[in-house]
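Novice: Questions regarding the structure given below will be posed in turn.
Read-outs: derived from the displayed coordinates by stated rules, not from any lab. As the structure is a prediction and not an experimental result, all values here were calculated from the model. Cβ placement follows ideal geometry from the backbone for every residue including glycine, while neighbour counts extend to all protein chains displayed.
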Amino acid sequence: MSRKVTDKAVGNQPARHSHIVIVGSGFSGLGLAIRLSKQGRTDYLVLERGKDVGGTWRDNTYPGAACDVPSQLYSYSFALNPDWSRSFSKQPEIQRYIQGVADKYNVRDKHIFDCDMTGATWNTETSQWEIQTSQGPFTADILVSAVGALCEPNLPDIKGINDFQGEIFHSARWNHDSDLTGKRVAVIGTGASAIQIVPNIAAKVAHLDVYQRTAPWLLPRMDRPYLAPEKLAFKYIPGVQAVSRAAIYAARETQVVGLAKFPPAMRIFETIARAKLFAEVRDPELRRKVTPNFRIGCKRMLISNDYYPALSRDNVDVVTDGIQEIKPGSIVTKDGTEREIDAIIVATGFHVTDSPVYDTVSGRDGRTLAEVFDAVGQQGYKGAAIRNYPNMFFMLGPNVGLGHTSMVYMIESQINYIADAIDQFDKLNLRTVEVRQDAQDAFNAELQRKLQGAVWSTGGCASWYLDKHGNNTTLWPDFTFRFRSLLEKFDVSAYQTVSA
Ligand code: NAP
């Protein structure tokens, strides 16, 4: 049973208490909220810093933003959408889908929007989390972090970047008031975001410089609009959509063999990517520049049919000399060349293994997540719990990321686990639950053993998958159905518990 709900004081301010507080309402936080509501729970709140649900799909509104996982798979299993307009959805359609699910399951009134968590501290005496937010303090018996890994833009530390006088913005904070038409524009980065932005602005800008540090591998984007009969079948013939989804899932899961178990098998994908590059980039000098120098899969494999054609345009240059500094109206590369520009789009990714959120969460021994991760790297248990953080669960915690299929599948696995954990917490009348050190250590030793032979470790690239200790603390190194079965039930035996 949950303990009595009373509002308490944190510092001098009265705090609002909720048995469960979920922070963040992207796919993961929203999905957990819906599960708790379906179980008949009302003793939870979702604190969301934005004005709406959607998380990364609310925030990434850059031109061309779209998913590189098929729509059929990139949706909740409990809310299949027969109305997807195409096989790979664009951002506005995904955001509308997420909003629609929030409405359908009627969980918006459990949300507090515009509520930015600025700190969370475990209070050993009360066995509660004390949560500071932009809307005042909260307390919770159970805190769930659902802040996501791709939420804090990573701004590159380039000399002079703050003195640039033109327009400058990150891909995840697109400035829709800015009109790039006829301007000289620079895009820094050639990752998943940049390769979608470049083709969508190349035709309208006067000139585009694409600053590439590492050439990515590109595969064909098998995207097409769904035909009316297909949509009707998804909607009205029982099982058709579920079968389509299962087939896509199974096909994608075969990639795990090459990515995690036997990297030489990735040569099949490399051959396809090389053929595509050869066919789409005719200029030998450009082809040389954009040919990757690592095993495919080591970094996220990108899919696009319009990136190489955009790079081949007369008004687009790929710059590979490395940025020396940014001046008020130009970028200077290491070879001394200065290129004048009016606008910079920073498509340099996110703080994944060094999120600023980690500085704000203090656990049982007073150390922040950032301090713990700094010492040992991002280690957790089943991506859902971390030693020293009692009564706290993580959605998309350490080693839950994927390079080949839908994160929504991993999210739903974690929803099963965390919802069951909360149930057991109440049924067993617990005061605290904290993962045991030996359970966490054994779990991580096994993960790192599996990761040793994976393409992310052996493929010869640097990527955000690896932390500063050189460990891969972001990706799941096995079939995703194994993750699903591992998280089917909350294993209380792996936790230290104290009864209420
Ligand atoms: P990203 O994949 O991390 O790419 C960042 C790019 O910026 C890389 O090319 C990187 O070069 C470059 N870069 C970083 N710091 C730099 C610096 N100081 N100077 C020059 N270049 C620098 O970031 P992202 O493209 O935003 O994508 C992040 C993740 O979001 C993806 O991996 C994916 O999981 C997700 N995403 C998915 C979709 C989709 O579903 N379609 C779309 C967008 C994003 P290096 O490679 O040399 O590090």
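Novice: Tell me the net charge near His351. Cut-off is 11 Å between Cβ atoms, His351 excluded, with +1 for each Lys or Arg and -1 for each Asp or Glu.
Specialist: -3
Novice: Ok, one more. Nearest-5 percent of antiparallel DSSP beta bridges in the range 1-146?
Specialist: 50
Novice: Sticking with this structure for a sec: What residues of the range 485-500 lie in the reach of a label at Asn429, counting those whose backbone N is under 15 Å from a point 7 Å from the Cα along Cα→Cβ?
Specialist: Taking a point 7 Å out along Cα→Cβ of Asn429, the residues of the range 485-500 whose backbone N falls under 15 Å are 498-500.
Novice: Does anyone have the angle between helix 407-427 and the longest principal axis of the chain? Alpha-carbon axes, 0 to 90°, nearest 10?
Specialist: Long axis of 407-427 versus the principal axis of the chain: about 10 degrees.
Novice: Averaging sequence separations of C-alpha pairs under 8 Å and six or more residues apart, then dividing by the length of the range 287-429, give the relative contact order as a whole percent.
Specialist: So the answer I get is 11 percent.
Novice: Taking only C-alpha pairs under 8 Å that are 6+ residues apart, what is the relative contact order of the range 351-473 in percent?
Specialist: Once divided by the residue count of the range 351-473, the mean separation gives 27 percent.
Novice: Relative contact order of the chain, please, whole-number percent, based on alpha carbon pairs below 8 angstrom and at least 6 residues apart.
Specialist: Taking the mean separation of contacting Cα pairs over the length of the chain, I get 19 percent.
Novice: Hey, can you rank 148-157, 409-418 by average C-beta count inside 10 Å, highest first?
Specialist: For the peptides 148-157, 409-418, the packing ranking is 409-418, 148-157.
Novice: Each residue of the range 251-259 in turn: what ³J(HN,Hα) in whole Hz from Karplus with 6.51, -1.76, 1.60 and θ = phi - 60°, glycine and Pro shown as x?
Specialist: 4, 5, 5, 5, 5, 4, 4, x, 5
Novice: What is the extension gain from Asp109 to Leu80, computed as 0.36 nm multiplied by their sequence separation minus the C-alpha to C-alpha distance, in nm to one decimal? Please report the intermediate quantities before stating the final value.
Specialist: On the way: separation 29, 0.36 × 29 = 10.44 nm, distance 2.30 nm.
Stretched fully, the Asp109-Leu80 segment lengthens by 8.1 nm.
Novice: Tell me the Rg and the Dmax, in Å, that the Cα atoms of the range 401-499 produce.
Specialist: Rg then Dmax for the range 401-499, in Å: 15.7, 50.
Novice: Work through the residues other than Gly460 whose Cβ is under 12 Å from its Cβ and net out their charges, Lys, Arg +1 and Asp, Glu -1.
Specialist: On the way: positive: Arg295, Lys299; negative: none.
My count for the surroundings of Gly460 gives +2.
Novice: Can I ask one more? Separation between the Val492 and Asp365 pseudo-spin-labels, each 7 Å from Cα along Cα→Cβ, expressed in nm?
Specialist: 2.7
Novice: Taking H placed 1.01 Å from N in the peptide plane, check which residues at least 5 places from Arg213 or on another chain put their amide H under 5 Å from its amide H.
Specialist: Gly189, Thr190
Novice: Related question: With a/c under 1.5 counting as rounded, go ahead and sort the range 267-376 into rounded, prolate or oblate using the C-alpha gyration tensor (a ≥ b ≥ c being the square roots of the eigenvalues; past the cut-off, prolate if a/b is larger than b/c, else oblate).
Specialist: Details: a/c = 3.01, a/b = 1.53, b/c = 1.97.
Because a/c hits 1.5 or more and a/b fails to exceed b/c, the range 267-376 counts as oblate.
Novice: Now for a different question. Of all DSSP beta bridges in the chain, what percent run antiparallel (nearest 5)?
Specialist: For the chain, the DSSP antiparallel bridge percentage is about 45.
Novice: Would you mind ranking Ile98, Ile248 so that the residue whose beta carbon has the fewest other beta carbons within 10 Å leads the list? Before the final figure, lay out the partial values.
Specialist: Numbers: Ile98 23, Ile248 19.
With the fewest neighbours first, Ile98, Ile248 line up as Ile248, Ile98.
Novice: Are there cysteines in the chain with no other Cys C-beta under 4.7 Å, and if so, which?
Specialist: Cys67, Cys115, Cys151
Novice: Could you let me know the centre-to-centre spacing of the range 318-357 and the range 215-287, using Cα atoms, in angstrom?
Specialist: The distance from the Cα centre of the range 318-357 to that of the range 215-287 comes to 31 Å.
Novice: Tell me the label-point distance for the pair Asp283, Thr214, using the 7 Å Cα-to-Cβ offset, in nm and rounded to one decimal.
Specialist: 2.5
Novice: Within 9 Å, Cβ to Cβ, of Thr320, how many net charges do the neighbouring residues add up to if Lys/Arg are +1 and Asp/Glu are -1? List each step's numbers first, then the result.
Specialist: Numbers: positive: Arg213, Lys289; negative: Asp321.
Its environment carries a net charge of +1.
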